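Q: Questions regarding the structure given below will be posed in turn.
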Amino acid sequence: MGACARAAALFLVLQQLVLTVAAQGMIYDLLVSPDCLPDLLQGSLKNKGRHEAFLLASFRLHSKAPTPLYSVVNPKDNTKYLEVSVQAKMSKVTIRYQRTDGRFVTTGFKHASLADGREHHMMLHAAGLQGGPPRLDVYVDCRLVHSVEDLPAAFGSLPSGPNKVALRTLQSSAQDELTDLKLVMEDTVDNVATLQDCSAEQSESLQLLR
């Protein structure tokens, strides 16, 4: 078992001890072990037969300026395979990504009050990794707020080879902080949502746009 797998397994055990209802999948804490990400996104997700994956982020913002929460990049030429940003002044979240056909796409949605100094949660749910109907669902604070029938290449279809994939995250400051970033596999959206403190009473909201 590799270092990333051992770290994920240990994190899962600890998480299950803390949470009353814990997700049952594999959890990778990307703020603690960002080196796990390249292998996962350069084919491991698809090669291991994963049909879906989740990216979970928690953050606190005060700044009204455009703020990238995190991005998956090629460190050699700074190509951004995936970038998630909050534009608080416009009350908007923007997701820019490279598709599996190589084209770059930007999608976004309106969402007020994300730069209020409180902790907020965002979850990207990517489905169709094995060739089924592609879909990307975006949840904010336990509510499904945006959905596209598309799949970013960052979920398992990035170029193989060393030094081609890296993770960049928001640098903490007095105003802004990325408090959590996880990749989760092998689980349902309802279980994964418990990692962002979504209660059973909010389960209907998780399926709002389906």
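The values are calculated or read from the model by the stated rules, or taken from the named source; none is laboratory data. None of the values given here were measured: they were computed from a predicted structure. Because the Cβ atoms are built from the backbone with ideal geometry, glycine has one as well, and the counts that use them run over all protein chains shown.
Q: Pairs needed: first member in segment 162-174, surrounded by fewer than 18 Cβ atoms within 10 Å (Cβ to Cβ); second member anywhere, at pLDDT below 90; C-beta distance under 6 Å; at least 6 residues apart or different chains.
A: Matching pairs, first to second residue: none at all.
Q: How many residues, within segment 49-72, are in contact with a helix residue (DSSP H, G or I) (Cβ under 9 Å, 6 or more places away or on another chain) and not in a strand (DSSP E or B)?
A: Final tally of qualifying residues: 7.
Q: Could you give me the residue pairs with C-beta distances under 7 Å whose first residue belongs to segment 30-43 and is touching a residue at least 24 places away in the same chain (Cβ under 8 Å) and of a type outside the set (A, V, I, L, M, F, W, C), whose second residue is surrounded by 15 or more Cβ atoms within 10 Å (Cβ to Cβ) and part of a helix (DSSP H, G or I) wherever it lies, and which are 6+ apart or on separate chains?
A: Note: pairs meeting the criteria are SER33/CYS4; SER33/ALA7; ASP39/CYS4.
Q: Only one of these conditions is not met by SER147: (1) closer than 26 Å to LYS64 by Cβ; (2) out of contact with any Phe, Trp or Tyr (no Cβ under 9 Å at 6 or more places or on another chain); (3) modelled with pLDDT of 95 or more. Which number is it?
A: (1)
Q: Looking only at segment 52-75, decide whether some residue is modelled with pLDDT under 90 and β-branched (Val, Ile, Thr).
A: no
Q: On to the next question. Scanning for something surrounded by fewer than 19 Cβ atoms within 10 Å (Cβ to Cβ), over 27 Å from GLN42 (Cβ atoms) and either touching a Lys or Arg at 6+ places or on another chain (Cβ under 6 Å) or among the acidic types (Asp, Glu) (or both), does segment 136-157 turn up at least one residue?
A: no
Q: Restricted to segment 102-120, and to residues that are part of a strand (DSSP E or B) and farther than 24 Å from PRO159 by Cβ, which residue is farthest from the chain's Cα centre (by Cα)?
A: LYS110
Q: Can you name the residue in segment 78-97 that is among the charged types (D, E, K, R) and farther than 11 Å from GLY108 by Cβ and, of all such residues, is nearest to the chain's Cα centre (by Cα)? Step through it out loud before you land on a result.
A: First, pick out the residues of segment 78-97 that are among the charged types (D, E, K, R): 80, 83, 89, 92, 96.
Subset that is farther than 11 Å from GLY108 by Cβ: 80, 83, 89.
On the way: LYS80: 15, GLU83: 10, LYS89: 23 Å.
The selected residue is GLU83.
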